[in-house]
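Derivation of every value follows stated rules applied to the coordinates shown; laboratory data play no part. As the structure is a computational prediction, the values presented were derived from the model and not from experiment. Cβ sites come from the backbone with ideal geometry, for glycine too, and all protein chains shown count toward neighbours.
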Amino acid sequence: MGQEERHTEEKVYRQLRANSLLQEIMLRYMMEGQAASEQGKLAWVTSGFPVEIPVTMGVNVSYPEQYGAIIGSQKVGPEICGFAEELGYSQELCSYARSSIGSVRYPEKSPLDGLPKPQALLACNNICGTVLRWYDAVSQMTGAPVFLFDTPPTEGDQPSHHREYVRQSVLRLIDFLSRTFHTSFSEERLRKVGELSGEAIDLWTRSLKACRNRPSPLNCADRFLAMAPIVALRGTEPAIEFYQALLEEVQERVSQGLGAIRDERIRLLWDDIPPWFTIFRFFNGLAARGVVFPADTYTHAWSGSLAGADLLDSVVSVYSNVYLNKGLEAKVDKMCELIKEYSLDGFIMFSVRSCKRYSLGQLVSKELVMERTGVPGVVIEGDMVDSRLFNDAQIQTRLDALLEMFL
Amino acid sequence: MARRTTIGIGLDIGSTTTKGILVDSSGTVLAASLVTTGASAPIAARHVMDELSQTSGKELTGLPIITTGYGRTSVEFAHETVTEITCHSMGVHSLNPDIRLLIDVGGQDSKVIRIGPNGRPTDFELNDKCSAGTGRFLEVMARVLEVSIDDLGPLALRSTSPSTISSTCTVFAESEVVGRIGTGAAPADIAAGAHLAMAGKVATLAKRVGLVTPVGVTGGVALNPAFRHYLSKQLNSSLWMPDKPQLTGALGAAILAVKR
Ligand code: SF4
């Protein structure tokens, strides 16, 4: 990066102080994962997994999707995905799956020497069906057994037989973890973990909501980094510690009228996973042109807390109703709601080649959202990890054309 | 800009051709130029500037220049760059303010733009990832049929029963056409089939943005009568085309330059 470019970045973007705490917490989390793996107590989980259950039972968790984001950020996606492609996996397969499989094959050639070896693989298909086959593949390579937490898609209200079915999955999960890790479950402990999880989610949600202010105290890249503990450390104290620090800083920015970017002129919604390999360049490039993203559909997806008298029922409803497990109509509603609530001028939908579950239907939703909100939007295509699928010039033309609509 | 001016220059640097227009504040075109882009966009842009200067007899130094098109950032003497989406929209609006939907098909891409009442785009879709649905598709077909690209359209219009070209991929369509030649299909029918397939792709893009009449067509491919014929049929709508459909992007850029 040239001197001049660095200078511009400093000018357009305000660094969060809380980021150093975030780094510290995430580093500690990774070291704990390593230690847990050595003690035979580590499970890999998908991002939408009811993680409070393994946490309650003393099982540590690692997130291959989060590791995929690290591979993306370190710009080695094509190389690590390539290892999976050499094994015969299609380029059409999700790049989180490909990079995970590639790094299991060659941990020594992967960032951080790969994720620590798992003793169990916990897949919940409330985000997509790919995770099951992906974990099956990892299971073949590592010998760790797979547990499928099956959450049929919800469309509108969830029928009672459907809830009962998912509830049985929770019971099976407890049984599976007890046998695999020789541990036990207690509802009392789940309540404690659920409370911790809820507290972190509440603090996080308050930071997100603060972005309704003008200028917005957080931009997209801030939230994409800050979401790491809500994904990986739900139900633990460090998550609360971080979200408290973040919220304080956010509130301080709001009270001083300081924005995440220095000169906020256009407020946009971001839809889908970000391109990790160019996340700063991308969002800071737009920030330099006065564009801020006070809201996105991705970091708003972790919002349900476990509560109520029947905790298992709460697990069922929170994890059946995650964003990606609902129909297109719910996604359109959510986008319209965010555009209104955060007073946004338009939206960008990133059509992520890897993630069919997130990206399918975007062309239709784009029209619907435009119709219902009256603000313009654009669909750009690419991927979150595999930078080979990201064409800068084509994306730039679409972004430029969108921004020209606001002139 | 140090001084106010009533003349502006628009340069549209496309992958196939580079176009330039000089307009005054009343929107009158003082000069126009079109050259092949070739290997160097900056050289092509210089060439166009020289032609504009010669045709108009004007000294162009100091006049505001806006560049557009895929090569828009490659010319260092431009004062501003604006996307071809906004430029085509503005250009067409200045020629026919009634047009609300514009279909522009160039050598390497096609775009559909919804034009707002003030001439600014309000929505758009681009196809720039796949050569089917662009001028390149027809160029390949002309080569296989051994006719010049200018003769391909008129040839297709002689057909009474277009061949079916099912592939939506240029490479596969090429082998499909070779197959049709092998089975003795008439060149006119094959040419018509190729236009039909291509117009179908473009029509799908247009429908995605939403059909609003009257529809305008621009870009080099708009000059092809068979393309217009089949597109008009597919959209079930008449099509308006400006006199020089390749130049609307440069025109829009020039109009924006005058307003700078
Ligand atoms: S397909 Fe989508 S939801 Fe599934 S693992 Fe990949 S990115 Fe996540």
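How would the range B:21-120 be classified by its alpha-carbon gyration tensor: rounded, prolate or oblate, with rounded meaning a/c under 1.5 and the a/b versus b/c comparison settling the rest?
Details: a/c = 1.99, a/b = 1.34, b/c = 1.49.
Since a/c reaches 1.5 but b/c is at least a/b, the shape of the range B:21-120 is classed as oblate.
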So, in Å, what gap is there between the alpha-carbon centers of the range B:183-246 and the range A:160-209? 58 Å
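Given a cut-off of 27 Å, what percent of all Cα-Cα pairs of chain B lie beyond it? Show your work: numbers first, answer last.
Values: 12729 of 33670 pairs.
Here the tail beyond 27 Å accounts for 38 percent of pairs.
Using a 10 Å cut-off around each Cβ, can you sort A:Cys124, A:Cys355 from fewest to most neighbouring Cβ atoms?
Working: A:Cys124 26, A:Cys355 21.
The fewest-first ordering by Cβ neighbours comes to A:Cys355, A:Cys124.
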For a quick check: with amide H placed at 1.01 Å from N, whose amide H comes under 5 Å from A:Ile266's, ignoring anything fewer than 5 positions away on the same chain? A:Val291, A:Val292
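Two decimals is fine: what's Rg over Rh for the range A:23-91, C-alpha atoms, Kirkwood radius as Rh?
Numbers: Rg = 14.3 Å, Rh = 13.7 Å.
That ratio is 1.04, to two decimals.
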Once R0 is set to 45 Å, what does the formula 1/(1 + (r/R0)^6) return for the Cβ-Cβ distance between A:Lys209 and B:Asp24, expressed as a FRET efficiency to the nearest 0.05? 0.30
Binned Cα-Cα distances of the range A:305-372, short to long, each 10 Å bin given as a whole percent: 18, 40, 27, 14, 1
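Rank the residues A:Ile380, A:Ile240 as a footprinting-exposure proxy: fewest other Cβ atoms within 10 Å of their Cβ go first.
Numbers: A:Ile380 19, A:Ile240 22.
Neighbour counts put them in this order, fewest first: A:Ile380, A:Ile240.
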Relative to the present Cα-Cα distance, how much length would full extension add between A:Asp175 and A:Ser20 at 0.36 nm per residue of separation? 51.9 nm
Let me confirm one metric for peptide A:390-402, namely the mean number of other chain beta-carbon atoms within 10 Å of its residues' beta-carbons. 5
Hz values of 3J(HN,Hα) by residue in the range B:6-21 - Karplus curve (6.51, -1.76, 1.60), Gly and Pro given as x: 10, 10, x, 10, x, 10, 10, 9, x, 6, 9, 10, 10, 10, x, 9
Could you run the Karplus curve 6.51 cos²θ - 1.76 cosθ + 1.60 with θ = phi - 60° over the range B:123-128 and give me ³J(HN,Hα) per residue in whole Hz, x for Gly and Pro? 6, 7, 9, 10, 10, 10
Principal-axis tilt of helix A:3-12 within chain A, Cα atoms, nearest 10 degrees: 80 degrees
At q = 0.09, 0.11, 0.17, 0.19 Å⁻¹, what is the base-10 log of I(q)/I(0) for the range A:248-407 according to the Debye formula with one equal point scatterer per Cα and no solvent? Please give it to two decimals. -0.33, -0.49, -1.09, -1.28
Past the 27 Å Cα-Cα mark, which pairs from B:Lys207/B:Lys244; A:Lys209/A:Lys326; A:Lys11/B:Lys19; B:Lys207/B:Lys259; A:Lys75/A:Lys209; A:Lys11/B:Lys129? A:Lys11/B:Lys19; B:Lys207/B:Lys259; A:Lys75/A:Lys209; A:Lys11/B:Lys129
Give the peptides B:210-217, A:41-48 in descending order of average Cβ contacts within 10 Å, highest first. A:41-48, B:210-217
In percent, how large is the relative contact order of the range A:261-407, given Cα pairs closer than 8 Å and 6 or more residues apart? 27 percent
Percent of all Cα-Cα pairs per 10 Å bin for the range A:68-123, counting from 0 up to the last occupied bin, reads 27, 55, 18
Could you compute how fast chain A diffuses translationally, taking Rh as the Kirkwood radius over C-alpha pairs and applying Stokes-Einstein at 20 °C with viscosity 1.002 mPa s? Give it in µm² per second. 99 µm²/s
Tell me, what is the percent relative contact order of the range A:31-185, built from C-alpha pairs under 8 Å that lie six or more residues apart? 24 percent
Karplus-derived 3J(HN,Hα), 6.51/-1.76/1.60, for each residue of the range B:169-185, Hz, glycine and proline x: 10, 4, 5, 6, 4, 4, 6, 5, 5, 4, x, 4, 4, x, 8, x, 5
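How high is the FRET efficiency between A:Arg133 and B:Thr168 when r is their beta carbon distance and R₀ equals 45 Å, given to the nearest 0.05? It would help to have the intermediate numbers written out before the result.
Working: r = 29 Å, r/R0 = 0.65.
After rounding to 0.05, the efficiency reads 0.95.
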Between 0 and 90 degrees, rounded to the nearest ten: what's the tilt of helix B:135-145 against the longest Cα principal axis of chain B? 40 degrees
What whole number of Å gives the distance from the Cα centroid of the range B:9-26 to the Cα centroid of the range B:62-94? 7 Å
Based only on other Cβ atoms within 10 Å, what is the fewest-to-most ordering of A:His300, B:His195? A:His300, B:His195
Give me Rg/Rg_expected for the range B:143-260, where Rg uses Cα atoms only and Rg_expected = 2.2 N^0.38 Å with N residues. 1.21
What fraction, in whole percent, of alpha-carbon pairs in the range A:1-131 exceed 25 Å separation? 36 percent
Quick P(r) readout (the range A:209-257; Cα-Cα; 5 Å bins; whole %) gives 5, 20, 27, 24, 15, 7, 2
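For chain A, what's the relative contact order in percent, using C-alpha pairs closer than 8 Å and at least 6 residues apart? Before the final figure, lay out the partial values.
Working: 701 pairs, mean separation 79.0, N = 407.
Answer for chain A is 19 percent.
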Pop the C-beta distance of A:Gln251 and A:Arg28 into the FRET formula with R0 = 25 Å and round what comes out to the nearest 0.05. 0.45
Please list, ordered by chain and number, the residues whose modelled amide H lies under 5 Å from the amide H of A:Phe347; skip anything fewer than 5 residues away on the same chain. A:Leu269, A:Gly377, A:Val378
